[in-house]
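The values are calculated or read from the model by the stated rules, or taken from the named source; none is laboratory data. Nothing here was measured: the structure is a model prediction, and the numbers come from that model. For accessibility, only protein heavy atoms count, side chains too; no ligands or nucleic acids. Shrake-Rupley method; radii C 1.70, N 1.55, O 1.52, S 1.80 Å.
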Amino acid sequence: MSKKEVVPTAEAIGIFNDYTNRVIEEFLSYYSSKASKKTYRSAINIMLLDILAKEAADITFSDYNNVVSKDEGDRNTQSTYRESFIKFLYGFGLLKNEEGFSSRMLKDDIVAEFNRLKNRGKVKVKRISPNEPLTLPEFMAIEEVLNKDFTKLEMQKIEFCWHMLYQEGCSVEELKEIKSIHLQDGKVITDAGNTFEVPSKFHPMFEDLNSRETRYNGFFTANKLIKDLGEIANLDRKLTPFIIKKTRNENILKCSNCSESYENKTQNWASVNGRIVCFECADDIKKN
């Protein structure tokens, strides 16, 4: 079987034994959206049929290390999907041989993580529109992904796209026009004439893109990169630049004293005589 061939679910069900089919269905029950179920199912089929060629219960710690990179920053979406399924198998005691897994993960933490997934849909008060701003749980899930140190280029590009769209307020049209050669003296100037400071953590990524022998060295695929971010964070809807823009509009506030804009995090704001101002203004006002 070619590694690029995706086995239809109906065919895979006929290949797997009853136990594998049962644990796969139980795993998928923790995800509410059809898109998530389909994506995870495809990743599991490829892993079990094409890469490992074994049933779910027969997965070993050695198999886990073969299909999931030890370096979290070097993982792609497929690797993340595989790890979630294997963690589920280990956490709920569904493997024949558990030797080695305890060195990388704790069963109690895994069970708690999947219980949170199952309960997430039960506490929803209303159905989230596809284009509504991110809810706080969704935002926290994305932050959990972005708080890691990435070494894989694709993940670095995902983080940069989020930074430009959310932190800088860059439009997706401008972002898609940015190429690695546009970084000059720590800044990029978009085709629209806007100048953006680029944090030093992204400079090696630009250098890496510049060194590659390819005609494409930019962020034209920003929409797909953002979609991938949403999938890695296990959102139940497709993440888009438009959703990020609406989220930014709700979470970036302007100080009434200096008119500078800051994110609505507690460390950015203070109360002075019952009025909310940015932290820097608060210090100046209190001194005077």
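Given that compact globular proteins tend to follow 2.2 N^0.38 Å, what is the ratio of the alpha-carbon Rg of the chain to that value?
1.18
Order Lys176, Lys201 by their accessible area, 1.4 angstrom probe, all chains in place, largest first.
Lys201, Lys176
How long is the gain from Thr266 to Lys246 if the chain were fully straight, where each residue apart is worth 0.36 nm and the alpha carbon distance is subtracted?
5.2 nm
Would you tell me the accessible area of Glu83, worked out with a 1.4 angstrom probe on the heavy atoms of the protein chains, in Å² to the nearest 10?
My reading of the accessible area for Glu83 is about 30 Å².
Taking all protein chains as present, what is the carbon and sulfur share of the accessible area of region 22-124, in % to the nearest whole number, probe 1.4 Å?
The value for region 22-124 is 47 percent carbon and sulfur by accessible area.
For the full complex of protein chains and a 1.4 angstrom probe, list Lys286, Lys187 by accessible area with the highest value first.
On the way: Lys286 135, Lys187 85 Å².
From most accessible down to least: Lys286, Lys187.
Could you give the length gained on full extension between Lys238 and Glu207, defined as 0.36 nm per residue of separation minus the Cα-Cα distance, in nm? The partial results should precede the final answer.
On the way: separation 31, 0.36 × 31 = 11.16 nm, distance 3.05 nm.
Extending this stretch completely gives an extra 8.1 nm.
Accessible area per residue of the chain at 1.4 Å probe, in Å²?
57 Å²
Taking 0.36 nm per residue of sequence separation and subtracting the Cα-Cα distance, how much length would be gained by fully extending the chain between Glu143 and Lys54, in nm to one decimal?
Net length gain for the segment: 28.6 nm.
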